[in-house]
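The values are calculated or read from the model by the stated rules, or taken from the named source; none is laboratory data. Just so it is clear, the model here is predicted, and its values are computed rather than measured. Cβ: placed from backbone, ideal geometry, glycine included. Neighbour counts: every protein chain shown.
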Amino acid sequence: MKRSVFRFLSRLPESPELYGDHHLLRLPRYQDYKAWYALRSQSRQFLQPWEPTWRHDELTEASFRARVVRNSQEFSSGLAVPLFLFRRNDMALLGGITVGHIRRGAGQNCMIGYWMGENHAGQGHMFAALKLVVPYIFSGLQLHRIEAACIPENWKSIRLLEKAGFEREGLLRKYLKINGEWRDHILYSLLEGDDVAAWAHTAR
């Protein structure tokens, strides 16, 4: 029998946890602030070209606590699943991935977005996170389609999505305001029935 690539635990409805051999994904908590602050502040120049303009209070504890409350509300209402990515052997915070814009009804789809601390980039951590999140989206959330959008110049993100089996669908003109400018994005998608996503169904 093929060994499962992840374990999904849901001890509490409001507390999803996705475990891999070396990684853990879970909802943000208040006590994550110091680790989050350190990682985001150290990675600011690395992250800002690919994110919306940071607010003046972006890194304050009050702003982070408001973010945690909002994340919990979005999860409880079924709109999003915002997750922090940790390395299991030392519980270091590495980055985050959000399953957002969840749409039910005829669509049954979502949009994913992610970020990685500069010191942890390029080491396969986000690919490992996708191997946990994709099965959760298809089997746990029972969605049919995953979308992701990235700036054409962000070749690292493009390479990640294509390695994970996402297919390029087209160009979204002036799609998001990133770092103060409206930027074009390339739209990628992954469907539940795609052969490249067969590993998404190995969960127990």
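From the residues in the stretch 83-129 that are of a type in the set (D, E, K, R) and touching a residue at least 12 places away in the same chain (Cβ under 8 Å), which one is surrounded by the most Cβ atoms within 10 Å (Cβ to Cβ)?
Just the residues of the stretch 83-129 that are of a type in the set (D, E, K, R), to begin with: 87-88, 90, 103-104, 118.
Pick out the ones that are also touching a residue at least 12 places away in the same chain (Cβ under 8 Å) and you get 87-88, 104, 118.
On the way: Arg87: 16, Arg88: 12, Arg104: 12, Glu118: 14.
Residue satisfying both the conditions and the ranking: Arg87.
Yes/no per residue for (1) under 29 Å from Tyr33 (Cβ atoms); (2) of a type in the set (Lys, Arg); (3) within 13 Å of the chain's Cα centre (by Cα); (4) not in a loop (DSSP other than H, G, I, E, B):
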position: Gly78; (1), (2), (3), (4): yes, no, no, no
position: Asn119; (1), (2), (3), (4): yes, no, no, yes
position: Glu147; (1), (2), (3), (4): no, no, yes, yes
position: Pro152; (1), (2), (3), (4): no, no, no, no
position: Glu162; (1), (2), (3), (4): no, no, no, yes
position: Leu172; (1), (2), (3), (4): no, no, no, yes
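Looking only at the stretch 123-141, which residues are small (Gly, Ala, Ser) and at pLDDT 95 or above?
The initial filter retains those residues of the stretch 123-141 that are small (Gly, Ala, Ser), namely 124, 128-129, 139-140.
Matches in the stretch 123-141: Gly124, Ala128, Ala129.
From the list Trp54, Trp36, which residue is at pLDDT 95 or above, in contact with a strand residue (DSSP E or B) (Cβ under 9 Å, 6 or more places away or on another chain) and among the aromatic types (Phe, Trp, Tyr)?
Exactly one of Trp54, Trp36 is at pLDDT 95 or above, in contact with a strand residue (DSSP E or B) (Cβ under 9 Å, 6 or more places away or on another chain) and among the aromatic types (Phe, Trp, Tyr), namely Trp36.
Name the residues in the stretch 54-68 that are surrounded by 12 or more Cβ atoms within 10 Å (Cβ to Cβ) and either basic (Lys, Arg) or assigned to a loop (DSSP other than H, G, I, E, B) (or both), would you? Working first, answer last.
The initial filter retains those residues of the stretch 54-68 that are surrounded by 12 or more Cβ atoms within 10 Å (Cβ to Cβ), namely 54, 58-61, 63-68.
Hits for the stretch 54-68 are Trp54, Glu58, Leu59, Thr60, Arg65, Arg67.
Name the residues in the stretch 146-169 that are surrounded by fewer than 17 Cβ atoms within 10 Å (Cβ to Cβ), in contact with a helix residue (DSSP H, G or I) (Cβ under 9 Å, 6 or more places away or on another chain) and closer than 16 Å to Val134 by Cβ, would you?
Of everything in the stretch 146-169, those that are surrounded by fewer than 17 Cβ atoms within 10 Å (Cβ to Cβ), in contact with a helix residue (DSSP H, G or I) (Cβ under 9 Å, 6 or more places away or on another chain) and closer than 16 Å to Val134 by Cβ turn out to be Lys163, Glu167.
Does the stretch 5-18 include one or more residues that are at pLDDT 95 or above and either surrounded by 13 or more Cβ atoms within 10 Å (Cβ to Cβ) or on the phi > 0 side of the Ramachandran plot (or both)? Break it down into steps so the answer makes sense when it comes.
Step one: of the stretch 5-18, the residues at pLDDT 95 or above are 18.
Checking which are either surrounded by 13 or more Cβ atoms within 10 Å (Cβ to Cβ) or on the phi > 0 side of the Ramachandran plot (or both) leaves us with 18.
For the stretch 5-18, residues at pLDDT 95 or above and either surrounded by 13 or more Cβ atoms within 10 Å (Cβ to Cβ) or on the phi > 0 side of the Ramachandran plot (or both): present.
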